[in-house]
Amino acid sequence: MTIVRTAAAAAEVARAFAALKVERDRVESRTMREMFAADPSRFSRLSLEVDGLLLDYSKNRLDAQTLVALLGLARAAEVESHRDSMFACERINVTENRAVLHVALRAPKDATFMLDGVNVVDEVQSVLEAMTDFAEGIRSGAIAGTGGAFTDVVNIGIGGSDLGPAMVTRALSPYHDGPRLHFVSNVDGAHIHDTIAGLNPATTLFLVASKTFTTIETMTNAATARRWIVDALGEAAVGAHFAAMSTALDKVAAFGIDVKRAFGFWDWVGGRYSVWSAIGLPVMIAIGAKDFRSFLAGGHAMDVHFRDTPLDRNLPVILGLVGIWNRNVLGFPAKAVLPYDQRLLRFAAYLQQLDMESNGKRVTLDGSAVTQQTGPLVWGEPGTNGQHAFYQLLHQGTDVIPADFLVAATPHEADDVHHHLLLANCFAQTEALMRGRTTDEARAELAAEGKAPAEVERLAPHKTFPGNRPTNTILYRLLDPFTLGRLIALYEHTVFVQGAIWGIDSFDQWGVELGKQLATQLLPMVEGKTSPDTRDASTAGLIRAVPRIRG
Ligand SMILES: O=P(O)(O)OC[C@H]1O[C@H](O)[C@H](O)[C@@H](O)[C@@H]1O
């Protein structure tokens, strides 16, 4: 199919958006509270349960008729054929002329994804086998450091070469029975310094993770780690203490890492989609190959669901369309991700890269300006902690911030006391955001507390909650490797659906380049080797201020 939208297709999409604006005027005449009161079947109509994964989107400012209009938009934007193009290995990343095949990374061994005459699944499986030998060797101690079995593994990478494995490792801590894992990403020397401070070089393994193997932060941290090993153990120890994951295996060899310890992947794996590839090696070392395969199988299960399920029962399609409704039709610029699952501590940070790097775009595939707002600001922290920090703004601030709540039905811990409280808090927040508290209700509560009438009037506005604030709730059985794989793939495909509707390239990230280029230009000025006179007054002033303030 044509990936770039034709004028006729663009007109269809514009018509579908126009229909949604009309729909907004109809729906906005009632609050969610009123809609729940009027329709006892609202939850069953506006929720989807697929194999123990429940998406409740009924606490949004929409109804079943809105969904029909949203599905019309998905059809006008040809979401299904875009999806099929991805699965058919077409080069849908048009600005880099690349296929987008992270789905092949989690496909079963007998699957076929033909790219340029090669079934990439065969290559994927052979790297997975090499990773398995290495990871299991580390875990058993058969592959050891110069001082014996590895006690600590340090992943050096940034962006997609850090966030995925760091988030997943933390999420799956109940399955972690391998050596301790650490993640170093920031070029700030504090990060590697603080990480290696307590480690024994003779039992520490460094994994240098970089798709391009040129990223300055990673190369700088890797060089520092190399020096630390050489200083402690001598040059000959480097081979035993380093391994790498990259698409640029020639550069890995040039760094001095043995090719037998280099695990490859391919240009059709975007950095933010790479946790399923060799970049997942630290996860495999932590939880073992069997659980890592289960994580991949969870991703694959969501791929099959996304690929084969009609739009109106398709989880990523529905979640994507609700996001479009909130972003483009209701005009909300941000979205909070609020896992009621402490082990998903890094989930929002992970989704920030996935969503904001994929859909933070201002031109469509043909280079023309987008006609709709694109990706929202994504942010969040786990509940219940967030409740005691920023939820005030969610409830009573002047902006409406739609939020996704995620929670497991089952904890890993035997103690239900904690988990019942966690669930009650999660559901209470979405209820409060939906219902709010009217001024009359606030007055009644204050009066019931025995406040004098003047005091009731004085305090009532402060105790009023507008409500009608949209949330999704995702309820899953247990945060195990399979479920986590499904959850990540759910969000990946949600981002895909939205990118397809906006007609943008969700798989490039040119927006990160300019800052990198300028950093390269500014480095000699910061080092004092060249003059900053050519820069704007602020930048030059800041560079000159450093030695003065440094003293
Ligand atoms: O894996 P690397 O090539 O080192 O790239 C690491 C990261 O840096 C880049 O600037 C991109 O913005 C990210 O998409 C990428 O994940």
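The values are calculated or read from the model by the stated rules, or taken from the named source; none is laboratory data. Just so it is clear, the model here is predicted, and its values are computed rather than measured. Cβ: placed from backbone, ideal geometry, glycine included. Neighbour counts: every protein chain shown. We work out accessible area using only protein heavy atoms, side chains counted, and drop any ligands, DNA or RNA first. Shrake-Rupley method; radii C 1.70, N 1.55, O 1.52, S 1.80 Å.
Along the positive direction of the dipole of the chain (beta-carbon charges: Lys, Arg +1; Asp, Glu -1; about the Cα centre), which of His176, Ala262, Pro461 reaches farthest?
Value computed over the given set: Pro461.
Probe radius 1.4 Å, ligands and nucleic acids left out: which of Met114, Met32 has the largest accessible area, and how do the rest follow? Please list the in-between numbers first.
Working: Met114 100, Met32 0 Å².
From most accessible down to least: Met114, Met32.
Which ³J(HN,Hα) values, rounded to whole Hz and listed in residue order, are derived for the stretch 242-253 from phi using the Karplus coefficients 6.51, -1.76 and 1.60 in 6.51 cos²θ - 1.76 cosθ + 1.60 with θ = phi - 60°, glycine and proline given as x?
10, 8, 9, 10, 6, 8, 10, 5, 5, 5, 4, 5
Excluding ligands, DNA and RNA, what is the solvent-accessible area per residue of the stretch 427-541 at a probe of 1.4 Å, expressed in Å²?
Numbers: 5440 Å² over 115 residues.
Per residue, the stretch 427-541 has an accessible area of 47 Å².
How far is helix 315-324 tilted off the main Cα axis of the chain, in degrees rounded to 10, range 0 to 90?
Here the helix axis deviates by roughly 70 degrees.
Using only the alpha-carbon atoms, how far is helix 513-526 inclined from the longest principal axis of the chain? Give it as 0 to 90 degrees, nearest 10.
The helix 513-526 is inclined about 50 degrees to the chain.
Let's test the formula: R0 of 51 Å, r as the Cβ-Cβ distance of Trp510 and Thr146. What FRET efficiency results, to the nearest 0.05? Write down the numbers at each step before the final one.
Working: r = 43 Å, r/R0 = 0.85.
The calculated FRET efficiency here is 0.75.
On a 0 to 90 degree scale, rounded to 10, what angle separates helix 216-233 from the longest Cα axis of the chain?
Computed tilt is about 40 degrees.
Tell me, Kirkwood radius of the stretch 102-293 from alpha-carbon pair distances, in Å? Each step should come with its number before you reach the end.
On the way: mean 1/r = 0.0606 Å⁻¹.
By the Kirkwood definition, the hydrodynamic radius is 16.5 Å.
Near Leu115, within a Cβ-to-Cβ distance under 13 Å, what is the net charge of the other residues, with Lys and Arg +1 and Asp and Glu -1?
Details: positive: Arg91, Arg98; negative: Glu90, Asp116, Asp122, Glu123, Asp267.
Summing Lys and Arg as +1 and Asp and Glu as -1 gives -3.
Can you bin the stretch 325-395 into rounded, prolate or oblate? Criterion: square roots of the alpha carbon gyration tensor eigenvalues sorted a ≥ b ≥ c, rounded for a/c under 1.5, prolate for a/b above b/c, oblate for the rest.
Working: a/c = 4.03, a/b = 1.88, b/c = 2.14.
Here the stretch 325-395 falls in the oblate category.
With the other protein chains left in place, how much accessible area per residue, in square angstrom, belongs to the stretch 102-293 at a 1.4 angstrom probe? Each step should come with its number before you reach the end.
Numbers: 7020 Å² over 192 residues.
Value for the stretch 102-293: 37 Å² per residue.
Leaving out ligands, DNA and RNA, what percent of the accessible area of the chain is carbon and sulfur, probe 1.4 Å? Intermediate values should be presented prior to the final figure.
On the way: 12860 of 23280 Å².
Reported share for carbon and sulfur atoms: 55 percent.
When the gyration tensor of the chain is built from Cα positions, what are the square roots of 5 times its three eigenvalues, in whole Å, from largest to smallest?
Working: eigenvalues 346, 164, 139 Å².
Equivalent-ellipsoid dimensions as semi-axes: 42, 29, 26 Å.
Would you mind counting up the charge near Ala237? Only other residues with Cβ under 14 Å from its Cβ, with Lys and Arg at +1 and Asp and Glu at -1.
Details: positive: Arg226, Arg227, Arg261; negative: Asp231, Glu235, Asp258.
Result for the local shell: 0.
Tell me, in nm to one decimal, what length is gained between Asn186 and Glu34 on full extension, where the rule is 0.36 nm per residue of separation less the Cα-Cα distance?
Values: separation 152, 0.36 × 152 = 54.72 nm, distance 4.88 nm.
Difference between extended and current length: 49.8 nm.
Using label points projected 7 Å from each Cα along Cα→Cβ, tell me how many nm separate Ser538 and Thr410, to one decimal.
5.4
Can you compute 3J(HN,Hα) from phi for each residue in the stretch 404-421, using the Karplus curve 6.51 cos²θ - 1.76 cosθ + 1.60 with θ = phi - 60°, rounded to whole Hz and x for Gly and Pro?
Taking θ as phi minus 60°, the curve returns 9, 9, 10, 7, 8, 6, 10, x, 6, 7, 5, 7, 6, 4, 5, 5, 4, 5 Hz for the stretch 404-421.
Restricting to DSSP H runs of at least four residues, report the calculated mean residue ellipticity at 222 nm for the chain, -39500 (n - 2.57) per run over all residues, nearest 500 deg cm²/dmol. Please list the in-between numbers first.
Details: 23 runs with 260 residues, N = 551.
Calculated from helices alone, the mean residue ellipticity at 222 nm is -14500 deg cm²/dmol.
Would you mind checking which residues have amide H under 5 Å from Met245's amide H? H placed 1.01 Å from N; only 5 or more apart, or other chain.
When sequence neighbours closer than 5 places are left aside, the close amide H contacts are Val208, Ala209, Ser210, Phe263.
Give me the dipole magnitude in Debye, nearest 20, for the stretch 268-413 about the Cα centre, with unit charges on the beta carbon: positive for Lys and Arg, negative for Asp and Glu. Each step should come with its number before you reach the end.
Working: 11 positive and 12 negative charges, 44 e Å.
Dipole of the stretch 268-413, to the nearest 20 debye: 200 debye.
Using a Förster radius of 41 Å, what is the FRET efficiency between Ile549 and Glu235 based on their Cβ-Cβ separation? Nearest 0.05, please.
Numbers: r = 39 Å, r/R0 = 0.94.
Computed FRET efficiency for Ile549 and Glu235 comes out at 0.60.
Specify which residue in the list Ile216, Gly234, Ala144 is farthest towards the positive end of the charge dipole of the stretch 102-293, using unit charges on the beta carbon of Lys, Arg (+1) and Asp, Glu (-1), about the Cα centre.
Comparing the listed Cα positions along the dipole, Ala144 ranks first.
About its Cα centre, what dipole magnitude does the chain give when the only charges are +1 on Lys and Arg Cβ and -1 on Asp and Glu Cβ, stated in debye to the nearest 20? All intermediate terms of the calculation are to be shown ahead of the outcome.
Numbers: 52 positive and 62 negative charges, 196 e Å.
The dipole of the chain has a size of about 940 debye.
For Ala297 and Val370, compute 0.36 nm times the residue count separating them, minus their Cα-Cα distance, and round to one decimal in nm. Please list the in-between numbers first.
Working: separation 73, 0.36 × 73 = 26.28 nm, distance 3.59 nm.
Contour length minus Cα-Cα distance gives 22.7 nm.
Give me the extension gain from Arg477 to Val363: residue separation times 0.36 nm, minus the current Cα-Cα distance, reported in nm with one decimal.
Working: separation 114, 0.36 × 114 = 41.04 nm, distance 3.96 nm.
Here the answer is 37.1 nm.
Only Lys, Arg, Asp and Glu count, each charged at its Cβ (+1, +1, -1, -1), so figure out the dipole size of the stretch 102-293 about its Cα centre, rounded to 20 debye.
Computed about the Cα centre, the dipole is about 220 debye.
How many nm separate the modelled label positions at Ala452 and Asp116, each set 7 Å beyond the Cα in the direction of the Cβ?
8.2
At what distance in nm do the modelled label points of Thr309 and Val417 sit from each other, each positioned 7 Å from its Cα along Cα→Cβ?
A separation of 3.8 nm, rounded to one decimal place.
Would you work out the Kirkwood radius for the stretch 263-306? I mean one over the mean of 1/r across all pairs of different Cα atoms, in Å.
On the way: mean 1/r = 0.0898 Å⁻¹.
By the Kirkwood definition, the hydrodynamic radius is 11.1 Å.
Along the charge dipole of the stretch 102-293, which of Ser274, Gly117, Ala190 sits closest to the positive end, that is, farthest toward it, with unit charges on the beta carbon of Lys, Arg, Asp and Glu (+1, +1, -1, -1)?
Positive-most Cα among the choices belongs to Ala190.
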